[in-house]
Each structure stands twice: as C-alpha cells, then as structure tokens.
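**Q** Questions regarding the structure given below will be posed in turn.
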Amino acid sequence: GGDRDKGKRPQMGKVAEHLADKIFITSDNPRSENPHTIIDDICSGLNLPKQAHIIENRAEAIKTALEQRSPNTIVLVAGKGHETHQEINGQYFDFDDREHIRAHFALSTYSQLDSIQ
C-alpha cells in the first residue's frame, strides 16, 4: 500500500512472478501516493513485466482474474486481508475483497443454473 515500505514493492513483484503462473497487479490502499507509482515500483521487480496484467481498479482486477482462471486453479487475492475499506487521498471507501469474490461466484453459479433451464 501507499505511504509504507517502498523497498519491498519490487520484492513483492519478484516473488509473485517466481511463484505464480499469471500475475494481476492492482491498487490496494494508495493512501496519499499515486497508484501508478506503486504499481510501477512492483513491476520493477519483474523480469517479464509485459506479461503481468496491470488493472488499477481492484474490483476489475479481481473480476478479471476470476474470469480468466482455469478449472482447478487457485486464485490468490493478496493485500487487503481482513480490511474492509480502501484509503485513497485521505478518504475511505468501502471495499472488501471477500465480498467481490463471493459476488462473482454467486453470479457465475446463477448464470450456470440459468443456462441449464
């Protein structure tokens, strides 16, 4: 997140690239920082930055990652944990990763059931 240890950002990118088949980099809590700067810092640790999916809007990034997953694939949504808001320029916005994930699966399950009928 923003206004925190900037030195670990490239390391986070490097570890993600090493351990994941596909990487989506998004905004977390930029606080007073420009989200693009944080994303650029993370990407600086990647060997192949053009292979990372950069989606600043966190809801869109989660949705896209879940839509693009293959069967039996694990999608790790990291960063916010138990937090239920995003801090952007001194303002707090409701945002819970878990709610976005649950909503995605509720909609996709409903769509699958609807198409069976």
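**Q** Hey, could you check the range 1-27 for residues that are charged (D, E, K, R) and either farther than 14 Å from N47 by Cβ or modelled with pLDDT under 95 (or both) and say which is surrounded by the most Cβ atoms within 10 Å (Cβ to Cβ)?
**A** Kept after step one, since they are charged (D, E, K, R), are these residues of the range 1-27: 3-6, 8-9, 14, 17, 21-22.
Those still in the list that are either farther than 14 Å from N47 by Cβ or modelled with pLDDT under 95 (or both) too: 3-6, 8-9, 21-22.
Values: D3: 12, R4: 13, D5: 8, K6: 12, K8: 13, R9: 20, D21: 7, K22: 14.
Only one residue tops the list, namely R9.
**Q** Considering only the range 35-51, state which residues are of a type in the set (A, V, I, L, M), more than 17 Å from G1 (Cβ to Cβ) and in contact with a helix residue (DSSP H, G or I) (Cβ under 6 Å, 6 or more places away or on another chain).
**A** From the range 35-51, those of a type in the set (A, V, I, L, M) are 38-39, 42, 46, 48; that's our starting set.
With the extra rule that they be more than 17 Å from G1 (Cβ to Cβ), the set shrinks to 46, 48.
Correct list: L46 only.
**Q** Kindly list the number of the only condition in (1) more than 13 Å from the chain's Cα centre (by Cα); (2) under 21 Å from A106 (Cα atoms); (3) exposed (fewer than 12 other Cβ atoms within 10 Å of the Cβ) that fails for R69.
**A** Every listed condition holds for R69 apart from (3).
**Q** Another question, then. Just to be sure I understand, how many residues within the range 41-82 are in a loop (DSSP other than H, G, I, E, B), charged (D, E, K, R) and either farther than 15 Å from D28 by Cβ or modelled with pLDDT of 95 or more (or both)?
**A** Step one: list which residues in the range 41-82 are in a loop (DSSP other than H, G, I, E, B), which gives 44-48, 52, 55-57, 69-82.
From what is left, the residues that are charged (D, E, K, R) are 56, 69, 80.
Next, from what is left, pick out any that are either farther than 15 Å from D28 by Cβ or modelled with pLDDT of 95 or more (or both): 56, 69.
Adding up the residues that qualify gives 2.
The values are calculated or read from the model by the stated rules, or taken from the named source; none is laboratory data. None of these values were measured; they are calculated from a predicted model. Virtual Cβ from ideal backbone geometry, glycine too; neighbours counted across all protein chains shown.
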